[in-house]
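Take a look at the structure set out below.
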Amino acid sequence: MSGNLRGAVIGCGFFAINQLHGWSDAQGAEIVAICDRDPDRLKIAGEQFGIARRYTDADAMFRAEQLDFVDIATTVSSHRPLVELAASHLVPTVCQKPFARSLADARAMVDLCARAGVPLMVHENFRWQRAIREVKAVIESGEIGDVFWGRVSFRSAFDVFSGQPYLAEGERFIIEDLGIHALDVARALFGEVASLVARTRRVNPAIKGEDVATILLDHAGRRTTVVDCSYATIQAVEPFPETIVEVDGGLGSIRLQQGYRMVVATRGESRSEDVSPPLLPWASRPWHNIQESVLAIQQHWVECLKTGRETETSGADNLNTLALVETAYQSAATGRVIEVATS
Ligand code: NAD
Ligand code: 89V
């Protein structure tokens, strides 16, 4: 494919504004149409990004536009119908996380797109953050030897509910919304998971779901990791939205510390690097870390779509992240260690 890919965004809410900014910067793609069933949000986004072709109905948009891809930025309940709609129009699709409420829904979407020959990527962007990529590169370089232990940690007291009020309303909260990123990072850094055990609790009485989760994972290759996340942790310096990572290997260790500092230690030697994300012109602290990863994953999508490569976080890949989410909730409910049925 040569020239700019013509894309559309469905859902022009809180997070889609970042995605629209990202698409403005991405090389090789442009957004030619947007859709939101809320006319006010549609108007605001259309005016902000100078997009004249606006729809309140996704099917009407697919019928009227010639699209090379669609980016679904709605909340989870609409993901399956919208992915199915896009597949019925044979339009390659990016879908926000959480990809689906259940593994069964996710499998149905992956199977449908595979049968239709429609590329499908989940917008699972945390593994695309610069600091996470730097940690991954050190692991893959072999500098710290065989990895035997790791930790992916996200602990904060940031008020996420003001921007995303729906997060306070669901039976499930932190594993489904935020832990899903940390679990995906754990897969990206440490490989697939054989079994896990999870503990959760709710500290904030004003919300419905759990806001603290601790998950112990057994990965293939006898690697043990801990994924822990909390929105009830008050610290001297609020770290939102930084993910802290620790990795121990036979020859050394990596510590990704608060403030985007990565320390790599081997026997008798250590180095410390600033792995801060760039502050993109449209980004704002503290979100710049996440905002930068939005552009990175979008660029990856464009490159893969143009060359026919499978994306790193394809729908099929994301089934294994969703399996961890499902298993973590089962383990928290039963108290048991549970084997993970990954594909
Ligand atoms: P939001 O409620 O602010 O926006 C969703 C928008 O989609 C709304 O404007 C709504 O009117 C529209 N919409 C819903 N169903 C529709 C349909 N069928 N057709 C057209 N429009 C429809 O939600 P949000 O906070 O922007 O979250 C959207 C998604 O992004 C969620 O899945 C959330 O988990 C995810 N998210 C991801 C990140 C990340 O870093 N990857 C960060 C925040 C949110
Ligand atoms: O990435 C997310 O899904 C967001 C946030 C980082 C705020 O939890 O909901």
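Relative to the Cα centre, what is the charge dipole magnitude of the range 48-87, using +1 at the beta carbon of each Lys and Arg, -1 at the beta carbon of each Asp and Glu, and rounding to the nearest 20 debye?
100
Under the Karplus relation 6.51 cos²θ - 1.76 cosθ + 1.60, θ = phi - 60°, what is the ordered set of whole-Hz ³J(HN,Hα) values for the range 88-105, x standing for Gly and Pro?
5, 9, 6, 9, x, 10, 9, 10, 4, 7, x, 4, 8, 6, 9, 5, 4, 4
Note down the relative contact order for the range 93-141 as a percent, whole number, built from C-alpha pairs under 8 angstrom at least six residues apart.
Working: 26 pairs, mean separation 21.2, N = 49.
The value is 43 percent.
Can you tell me which of 179-188, 26-35, 205-214, 291-300 comes out highest on packing, and rank the rest after it, using the mean Cβ neighbours within 10 Å?
Peptide ranking by packing, descending: 179-188, 291-300, 26-35, 205-214.
Using the Cα centre of the chain as the reference point, and only Cβ charges (+1 on K/R, -1 on D/E), how large is the resulting charge dipole? Debye, rounded to the nearest 20.
The dipole of the chain has a size of about 240 debye.
What is the local net charge at Ile234, summed over the other residues whose Cβ is closer than 13 Å to its Cβ (Lys, Arg +1; Asp, Glu -1)?
-2
Taking only Cα atoms, what is the 0 to 90° angle, nearest 10, from helix 180-190's long axis to the longest principal axis of the chain?
With rounding to tens, the tilt is 60 degrees.
For Glu269 paired with Asp111, estimate the spin-label separation in nm (one decimal), with each label point 7 Å from Cα along the Cα-to-Cβ line.
Going from the Glu269 label point to the Asp111 one covers 5.2 nm.
Just name one of Cys229, Ala265, Leu305: the one whose Cα is farthest towards the positive end of the charge dipole of the range 206-343 (beta-carbon charges, Lys/Arg +1, Asp/Glu -1).
Looking along the dipole axis, the top candidate is Ala265.
Which order do the peptides 141-152, 231-242 come out in when sorted by mean C-beta neighbours inside 10 angstrom, highest first?
141-152, 231-242
Per DSSP helix of 4 or more residues, -39500 (n - 2.57); summed, then divided by the residues of the chain. What does that give at 222 nm, rounded to the nearest 500? If you can, show how the numbers build up before the last one.
Values: 9 runs with 115 residues, N = 343.
Helix contribution divided over all residues of the chain: -10500 deg cm²/dmol.
Starting from the Cα gyration tensor of the range 184-318, take the square roots of the eigenvalues, sort them a ≥ b ≥ c, and report rounded, prolate or oblate (rounded when a/c is under 1.5, otherwise prolate if a/b is larger than b/c, else oblate).
Because its axes are fairly even, with a/c under 1.5, the range 184-318 counts as rounded.
Would you tell me the accessible area of Thr75, worked out with a 1.4 angstrom probe on the heavy atoms of the protein chains, in Å² to the nearest 10?
Approximately 70 Å² for this residue.
Amide H neighbours of Arg202 under 5 Å, counting only residues 5+ apart in sequence or on other chains, H built in-plane at 1.01 Å?
Amide H neighbours of Arg202: Asp211.
From the phi of every residue in the range 26-32, what ³J(HN,Hα) in whole Hz does the Karplus formula 6.51 cos²θ - 1.76 cosθ + 1.60 yield, where θ is phi - 60° and glycine or proline is x?
5, 7, x, 8, 9, 8, 9
For Trp149, what residues show an amide H to amide H distance below 5 Å, using hydrogens built from the backbone and excluding near sequence neighbours?
Thr224, Asp248
The values are calculated or read from the model by the stated rules, or taken from the named source; none is laboratory data. Computed from a predicted structure; not experimentally measured. Virtual Cβ from ideal backbone geometry, glycine too; neighbours counted across all protein chains shown. Areas reflect the complete protein model, heavy atoms only, side chains present, ligands, DNA and RNA absent. Shrake-Rupley method; radii C 1.70, N 1.55, O 1.52, S 1.80 Å.
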